[in-house]
Every structure is written in C-alpha cells, then in structure tokens.
Amino acid sequence: MNPFHSLARLARRARLFVARDAAEQSMDDEMRYHIECEARDRMARGQDEASAWRSARQTFGGLDRFKEEGRDARGTRLAEDLQMDARYAVRVLRRSPAFALASLITLALGIGATTAIFSVVRGVLLRPLPYAEPERLAVLWERNVPRNHDENVVSVPNFEAWRARSLAFDAMAGMVPAPLTLTGLGDAQRVRGAEVSSTFFTMLGARPLLGRVFASGEGERAPANVIVLSHRFWLEHFRGEQGVMGRAAILDGSPRTVIGVMPADFEPPRVGWMQDPEFWIPFTPTASNRSWGRFLIVIGRLGKGVSIDRARADQERISAALAVEDKADAQWSSSVKGLTEQIIGDVRTQLWVLMVAVGLLLAMAIANVANLTLAQLRRREHEIAVRGALGATRPRLIRQLLTQSALLGIAGGIAGVLAAFWGVHALIGLLPTDAPRAGSIRIDGAVLAVAALTSVVAVILFGAWPTLHGTKDRLAGALGESGHRGTSDRLGGGALIVAEVALAVGVSVIAGLAMRSFLSLRSVELGFDARDVVVMRIALPGQRYQTNAQQVAFFESLLGAARGLPGVQSAGTINIRPFGGGGPATTVAAEGKSDQDLSNAPVTDVRVADGDYFRTLRIALVAGRTFGAQDVAGAPARAVVSRSVARQLWPGEDAIGKRVKVNLNNGIVAEVIGVVADVRAMDARTAPRPAVYLAFGQSNWSVMDIVVRGDAGGAGGAAALVPAVRKRVAELDAALPVYQVAPMSELVSASTASERFTSILLASFALTSLVLAGVGIYGVLSGDVVRRRREIGIRLALGARPYRMLTLVLRRGLARAALGVALGLAGSLALTRSMRALLFEVSPADPVSFGLVALLLLAIAAIATLVPAVRASRVGPAVAMRGE
C-alpha cells in the first residue's frame, strides 16, 4: 500500500472528524434532496402532496440506517464513538464528584511519588556519567593485604610505576585536594581546589568553556604556575569576564596564571576526599611528596576492549613486582573499581529500597482506586442492567466504563507529574550535602515516559479488571434481586482488602526498620559532647608562618583571646575535628617490639591537639593527664592515646610512662602521658577509631581547627561566639580567613543526613499506606453493609440480636485484614534482607518492627471495620419489610 495514499486517507478522515457537523448537515441535505426529488416526481404524475412525500420516504428507506452507513464509510466512526463515550464519562464523573476527586488524588499521589523517586534513581544510578565513554573509567587503589582493606590511597612512587608499567590502561591521573587561601580578589578566602595530573581533563574527555586545559606533561617535571577555574569560581571571583585568560589568581601568596575555565555542567569525579574543587592546578611529583606516604587518588582510562577483571589482574602483576622491589610495598597489592560504581557507592541500595517502597505505595493506590471503581459499579449495577436489557452490548458497556477509567488515569497522571516537579525539588532539598550526582536529578523525557507508562498500567489494573468482572453477569437476573447479592466477593472486594493490607505491611515494615536504625544511630555514644560547641578552621600561610614557633605563638594567642570572651567556657585546638573527614593515619607500635612484631601493628589516626581540646569536647580522661604548658618544643615528645590503642599495645598493663612509636615524619617516639576514651571521629555509623594525639606545642602544623564551648543555653547558642572569634583573628592577622565554621551539633546531625533522608521518605510512604489501607477497608465493608441492608433486616426480623450483626461484620473485616497482615509479614521477611547494609544495630528481621506493624495494621483494620459494623447492628427490621 502506498504510504502517501494512507496518509492522505488519514488526513481526509481527520478533516471529516473535525468538521463532522458540516459533514452531517451535508449528508442530511443530500438525502432530503433525493427524497424531495422523488416526491416532486410523484406529484408531477398526479399524486397528492402528502401521499407523494410518504411514498418517497418509504421508497428511499430509513434515513438513520443510511446515515449510519455513511458514517461508517467516512472511517471516523470509532473516533466519534470514543468522543461520545468520553462525554458520557464526564457526565458520570460530574454526578459522582466524591468518587472522581478521591480517585484523582489517590492516583496523583501514587504516580507523583513514583515519578519523583524514579527521577532520583535515574539521575543518580541510571544516567551515564558526563564523561567520554564513562564505562572505560576506573579508580585504582592500593590494597592492604593483611588488613584486607581494598581502598587505600596511593603513594606517588607507586602511581608513577603503575602509569609506566600498565598494559590495561591507556591513561592515568593522580588527584589530591589542595585547599588554598585566595587573596587579591576581595577578602581573603579559603577555597577548595585540587592538584591533578596533566592528563586529568583529556582522560575524562572534558573540554573547557574558555581557554585550554593542561597540556600533556605540564607541571610533571617542574612546577607550572597555571590554574584552570571552575565555572562557579569564574563567576564569583572574576564576575564572568571573558578576558580572564592570562590574569592571575593569588593562592597562598603565589600568583597563578588563568589558562582555562570549565563549563557549568562539568562534574568533577567525587571520589574519596575529593569534593567539588573550585580550581585545578598541576600536580608535580617531587622528592618531598614521594616520601609522604600514600595520599593520592588515582583514576585511569581502560584500553579499548579491556575489562575491569583484566585490569585487576594486570595491576596485581605490577603490585607483586613492586612488593619485591621495595620493602615498603611488601604487604600491599592493588584494587580496581569502576568509576560509576565508586561514585554511587552505598547509595545504590538506599535508592532501590526507596524505589521498592514507592512501588508498593503505587500498588496500594491502584488497589484503592480499583476498590472505588468497584464501589461505583455496584451503585450503577441497576443502571448497567437496564441498559443491557435495552440492547447495549457488553463490549459497548465495557468501552464506556474503560473510557471513564482512562479519563481518570490521564487526569491522575497529569496531576502526578505536576506533583512530581514539586516533589523532585523537595527531594533535592532533603538530600545530604554529600549525595552523589545530585546535579543530575531532574524530570526529563525518560522520566515522563515512565510516568505515562505508569498511568497506562494503572488504568489497566484499576479500570479493566473491575470493569470486566463488573459487567460479566449483568444480564442473568440483572433486574432481579440476584444482581445485588454476593457482589463484593464476586468482584473481589475481599481480595482488595487483603492486597491493600499486605502492601501496607510491606511499606510499613521497611519504614519501621529504617526509623529504628536511624534512632539507634542518633542515640549512639560518640565519645564527646557536641552540645554548645562551635568549630572553625584557620590556615596559616607558609610564607609568613614558616616555623613551628610562629605557628604555635599565633594559635596560643588566639586561644588565649577566645578563652577570655564572655560566654566562653573553654577553647582548644586540633588538626582534624571529629566528623571533619579523614586525616593522617599510620601504624604505631610499642617501643621495643621487633620488626617481625610490627608486621601487624595497628593503624591509628594521628591527631595534633592541646590539652584544652579534651576538656572542651568533654572527652573522658581514663588515666594520666592531657597536655599542659610543659609539653612544648624542646621538651621530650609526649602523646595521649585512646583506650583502644592502650589495650592493643599494652594489654593488661598500665600505658602511662610507656613509649609509642608513630610511623610519621621519619618516625616519632613519644612518651604516653595519658589515656582518653575512644571517639567516633568519622561519623556516627563508623566504629571508634584508635587514635594517638601528639602535643600541639611540639608539632609543626599550620592548619588547625579551633573548638570553642559556650555557656549552656546562652543567647544564640555557641554560634553566637563566632563573630567575636573572627574579630580576634582579624586583630592578630587581618589576611587570615576563618572557614568551615559550624556548630558541632550540626556536624553530628549532618553525619546522619542520609539515614534521615531515607527515614523521612519511608515514614511518609508508610503513613500514606496506612491511610489508604484504612480507607480501603472502610470503603469495602461500608459498601457491603449498604448492599446487605435487606439481608441484615431480615435476620433481625427473624430474631437475630444486633450484637450478632456487629460481630459478623467485625469478624469479616478482621479476618481479611489478618490474612493480609500474614501475607505482608511473609513478603517483608524476604524483602528486608536487601536492607541489611542500610541498617545500624537493627536486624532485617527485627521482631519489634514486625510486631508493631502487625498490631498497628490490625488496629487500623478494627477501627475502619467498626463504623460499618455499628451501622449494620442498627438496621431496623422494617427495612426488610419495605424491601419486600
């Protein structure tokens, strides 16, 4: 068939459909013209006018029959019938506003929630990373074999060896954070940056908006004072000037020439401690940083056709050779992980759990609307039966009912998508600040397609199934009493109760486990008191504070001034605040151990602090003392260790007076003067890490956190002290920025942001599911009571007691709810196994969560059943007599 002819035919039919009134009038005029001609011909032959017209009509035949044939010939009959069905459905819905509104809201809720959550899943999990061939990008780590730790940062010598010897990777790039102080462009600011290998941008396939990126080898053999800016840095500090190329950005007192600006949509890989740098400078391997140990994050691009497994094998080959060549690598290997998997991390399980929960909620919404549709069909049974008796075919009735469901589905889908736009905005606001790929979350064509598909599936499930069952037996005795008996069971009202309760149990159990886990996380013992404490960070530029004495003098002057401020209880300093990210960590050992004993030496965090730090955070002193005025440069090196370090190094012994060897800065041997409680330094979920604290007065550390405790209940809280501390800093050195300012309690709260996000969403899903379950149970049983009023009245007239009617309805509702609870609990046991990685000190089969949910659903079922049950017990016997 010629496609042009088909298109022309479709166009002609479309024109006829649009102008059908004119076509109808034309057809009517033509038929009347033929009848008129026949009548005039008869009158010309002598027949009177009335008889001539009557005979002409009889000869022509039925007008309606010819019109129907003409409509069929136009090929627009189906569209016209659908239009009539849609008009009829609108009239029906207007007569039942409560049904229409309830169905619309329920569908919009289910479709909107599903669309919003799917947009997050698509943005984070399904959308490819914004790099050239992202599937070929991988992250390379060193692997500590004795401790089975797969993701350790990389030393510079090993990075250079990997790059030179690799057969699996086409390119590799090292990265390390480079926070620096920006001056000369307004007030001094501390800005996040990164040192990267010259191959970094080209390996990712990233192109600059302006200028260029680093040339191959730039900065590799000698420092290069050039800088590439992020789009935000360019806008904030250079006001988006097109002529920014060649200008200088002064960082830590050194001018760097701007050579490029990255576009706004460039998304630097967030791996490990690399978090959204605002500029990039070349990383230069030097004799100094080659001796620093392991600190680099390495990304590589796999060769064409090279799999991750083959790359792992090749890296293990190289690591085995390095372990022989260098004693420092004897117990180290390597690991390789796809970049996508690395960036997404544990959030994959979290998002799929949310997707499962919202899927259950959507199923509940569909079941609820199916229940409402059934209830409406029951009210219209007599009407449907009459129409069937008058000649309406079952397909015609089904089409009209399905048209009504389709209108509801379309309206619910549109309302759901509109709600999803608001929901996505709200979800982004709730996301933790460190959530991966948050910038990729949006409603796009794929998300809208899923919303449309969801609407179609919803229409099929809540519309087609009740409609097919509801019209199945409409003719047999439809106008008699049999059309009203047993409808609920025949149409599946009881099955819907069971399904809704089971689904509600699934959603509520998932939410209950998440809430229990979150509460456990919030109540965990941190080892310090975060209340009324504010922390801020200060970095001293090396040009003006080159010696340990200069650095110590500044911080001691600042701490002395801070302690004298009104409302300050105490103030201390530490190089890395709790919940402030990773810091230096290394192996430690008790002095006197042999090299063989050191092979399994514990790895501990190394912190530099003063004595007031422990008092400010109220970290418990277990034994000995903390640092004092005597622990200064020139005095014997001293250390305070955490309780776990003391137990590991000197089990069953007193650690005070012992000497600890710290593998840092060519080795430090310090006398232990105190033991303090273990602290959860990373976040609330991570177990306390062993730590060795070195005396601030004996260490050369230019970047420190100032920790200040205010008076309990003081006006404005501890944060109100920040302006006064800033003023003291400016009095000491006006060029120093104070940054990363935050109440300690906010840092603690932020550490549970991911769990809080999940708990809030799941709790809202669970609450909605409980409401839907209660409404569904009430709707089905209330409809049962209304339809069975005659039967109930007859029973009461024959002597049945009202309480028997009450018991009958209650038993009917609770039996279905109990079956739904049982099925829901069984399904939840299988479903919650996948949540194990998300839970904290809570089992996936937690009996408290399961038990509480079961009792709650049964209670809701009892309340929802009680109202119809009481109504049934109050039906008078006269109802039966009037019915007869």
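The values are calculated or read from the model by the stated rules, or taken from the named source; none is laboratory data. Keep in mind the model is a prediction, meaning the values are calculated, not measured. Heads up, the Cβs are rebuilt from the backbone with ideal geometry, glycines too, and the neighbour counts pull from every protein chain shown. Each accessible area value is taken on the protein alone, full model and side chains, heavy atoms only, with ligands, DNA and RNA left out. Shrake-Rupley method; radii C 1.70, N 1.55, O 1.52, S 1.80 Å.
For the reader, a short list of remarks on this structure follows.
- With R₀ set to 22 Å, the beta-carbon distance separating R165 from R290 gives a calculated FRET efficiency near 0.85.
- Quarter of Cα convex hull surface for the range 202-279, i.e. mean projection, nm²: 5.7 nm²
- Ligands, DNA and RNA aside, T547 has an accessible area near 70 Å² when probed at 1.4 Å.
- Accessible area (Å², 1.4 Å probe, nearest 10) - E731: 120 Å²
- Percent of beta bridges antiparallel (DSSP, the range 200-314, rounded to nearest 5): 65 percent
- Estimated from the Cβ-Cβ distance and a Förster radius of 51 angstrom, the FRET efficiency linking A132 and A862 is about 0.25.
- A Cα-only calculation for the range 155-235 places Rg and Dmax at 14.8, 49 Å.
- Along each principal axis, taking the top coordinate minus the bottom one, the Cα set of the range 629-736 gives 47, 36, 23 Å in descending order.
- Calculated FRET efficiency for the pair A328/R618, C-beta based, R₀ 45 Å, to 0.05: 0.70
- The range 849-857 - phi-based ³J(HN,Hα) in whole Hz, Karplus 6.51/-1.76/1.60, Gly and Pro as x: 4, 5, x, 5, 5, 4, 5, 5, 5
- Interatomic Cα distance distribution for the range 529-649, bins of 5 angstrom, percent: 2, 8, 16, 20, 21, 16, 10, 5, 2, 1, 0
- Residues V417, V324, ordered by accessible area of protein heavy atoms at a 1.4 angstrom probe radius and largest first, appear as V324, V417.
- Charge sum, other residues only, whose C-beta stays under 15 Å from K337's C-beta, Lys/Arg counted +1 and Asp/Glu -1: -2
- Sorting W332, W53 by accessible area puts them as W53, W332; the probe is 1.4 Å, largest comes first, and only protein heavy atoms count.
- Residue order by solvent-accessible surface for D733, D683 is D683, D733, largest first, with ligands and nucleic acids left out and a 1.4 Å probe.
- Under 14 Å, Cβ to Cβ, from A313 - net charge with Lys/Arg +1 and Asp/Glu -1: +2
- Computed with a 1.4 Å probe on the full set of protein chains, the accessible area for V669 sits at about 60 Å².
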